[in-house]
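Below is one structure, written out as structure tokens, with a few remarks after it.
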Amino acid sequence: MIAIAQLMVVLDGTVVTIALPSAQLDLGISDADRQWVVTAYTLAFGGLLLLGGRIGDYVGRKRCFLVGLVGFALASTLGGAAQNGGTLFAARAIQGAFAALLAPAALSLITVTFTESKERSRAFAVYGAIAGAGAAIGLILGGALTEYTSWRWCLFINVPIALVALVGGWFLVTESKSHGGTSYDIPGAILGTAGLVALVYGFTEAAKPGVGWGSTQAIGFLAGAVVLLGAFVVVELRSESPLLPMRVVLDRNRGGSFLASLLSFAGMFAMFLFMSYYLQFNLGYSALKAGLAVLPFSIGIILTSGVVPTLLPRTGPKPLMLVGLAMAAGGLATFTTISDTTSWAGHVLPGELLMSIGFALLLVPLSNLALSGVSPDDAGVASAVLNSSQQIGGTLGTALLNTLYASAVASYLESHAIAPSAFNPLAAIHGYHVAFWVGVGLISAAFVAVLVLVNVKRDAVAPEARPATASDLAPAEET
């Protein structure tokens, strides 16, 4: 049931991507505003994850899991029935807010439910497969629903999924919560979310024609982001009940895992974002065919994630993470050889398979290591940091890489004395190459982070938690 809910949350970040042109035409959304269909969700999700994790710790993880499912389904219904762009943007932001309540509760429930080492490794394998493959599955599902029904079903589809997880979770999931303090760091939540919004908005402004990195708008938003995020750190250091306790991220192994997660997901989104454009606009694939073309990535992650739990106790997390990141970077690098005349089988498929195996090798030990050794009171916030690092990494990576892509295309057109047009295939290929190389750099930076920061021993993964006692089970279970 937790896996079903997590799949819904992860795939919803991309399921509307292919449906966006249809929704834009139907609702009369401008080109400048259409990106908010995606970023309204990811910003609310990533920005509120820490607060959602802390609420789950105090109120009860099962309770937040169920409330998150209901809210997500209602917001999906609102978005699917939207009659204008503003309603759709608002619905997507509400979806993100309830996802921020649901996702950390789901992951922390895994940590307190599966207390035996082998079982927990298998549970994290399922979570890793969902986290890695959900985005690709979203592209496939979005293409199929858009082509055969309507873009609105990309949102309505969440309702039956949430209903199944809600009924199953009500009967099967056991309540768990922290018995510590129950105060909330509202200033931290506001500063952190506002800082992330300003950062992404700065990237977005820099990508606009005639604006650029040196514009007053872009510099102003980016500078504001630095100030807001700096103030967030100061508030967290001084708060009695911080939204993000520094002890969670300053642990060397956990901090390295969180940093590697953020950087690797920022790089991975280069594949999803620009490969979708390449397949549809350069190779002429339909929406559904483009979605199916990335299916090997999903299959590779799912199959490899089933093998990793047997390797993890033998090798420890660090070697698997390093090998996985190296393979992922190599796979993304192969995409820099694509052109209008290359084939999917010869150039796209090998890169997809390398990346899928690499990310499976990374995600299972990363999820395990990021939560190993965390105290029960911080289980929710540690889960939220891991989720947030992936969501924020994908959001910032998408915004940054799209900006660099746009700059590269404009530079190519200018240097070749080509008049700007709606779509120039050669200029687009140049832009893809630039974005893919930057993605390789981000994943390589994640490799360095793991190499330098992670020093965990081989037998220190997935430690068994303390078994629940009778006193823990009334009124809630705590491990």
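Here are some notes:
- Expressed as a whole percent, the accessible surface of the stretch 57-115 that belongs to carbon and sulfur atoms is 72, based on a 1.4 Å probe.
- Based on the convex hull around the alpha carbon atoms, the stretch 227-266 presents an average projected area of 3.3 nm².
- Cα gyration tensor of the chain - equivalent ellipsoid semi-axes, whole Å, descending: 34, 25, 23
- A quarter of the convex hull surface defined by the alpha-carbon atoms of the stretch 74-159 gives 6.4 nm² as the mean projection.
- For HIS416, HIS347, the ranking by accessible surface with the largest value first comes to HIS416, HIS347, using a 1.4 Å probe.
- Lysine pairs with alpha-carbon atoms under 27 Å apart, the chain, spacing 8 or more or separate chains: 6
- Scattering profile of the stretch 229-357 at q = 0.09 Å⁻¹ [log10 I(q)/I(0), Debye over alpha-carbon scatterers]: -0.39
- Across every direction, the projection of the convex hull enclosing the Cα atoms of the stretch 1-94 has a mean area of 6.0 nm².
- For SER176, distant residues with modelled amide H under 5 Å away: ARG61, LYS62, ARG63, GLU477
- Kirkwood Rh and Cα Rg combined as Rg over Rh, evaluated for the stretch 344-409: 1.14
- For the stretch 342-418 and the stretch 70-125, distance of Cα centres in Å: 20 Å
- The chymotrypsin sites (Phe, Trp or Tyr not before Pro) of the stretch 53-112 include none that meets both conditions, a loop assignment by DSSP and at most 15 other Cβ atoms within 10 Å of the site Cβ.
- DSSP-assigned coil residues among GluC sites (Glu not before Pro) in the stretch 59-168, each with at most 15 further Cβ atoms within 10 Å: GLU116
The values are calculated or read from the model by the stated rules, or taken from the named source; none is laboratory data. Since the structure is predicted, the reported quantities are computational estimates derived from the model, not experimental observations. All Cβ positions, glycine included, derive from the backbone under ideal geometry; neighbour counts span all protein chains shown. Only protein heavy atoms, including side chains, enter the accessible area calculation; ligands, DNA and RNA are left aside. Shrake-Rupley method; radii C 1.70, N 1.55, O 1.52, S 1.80 Å.
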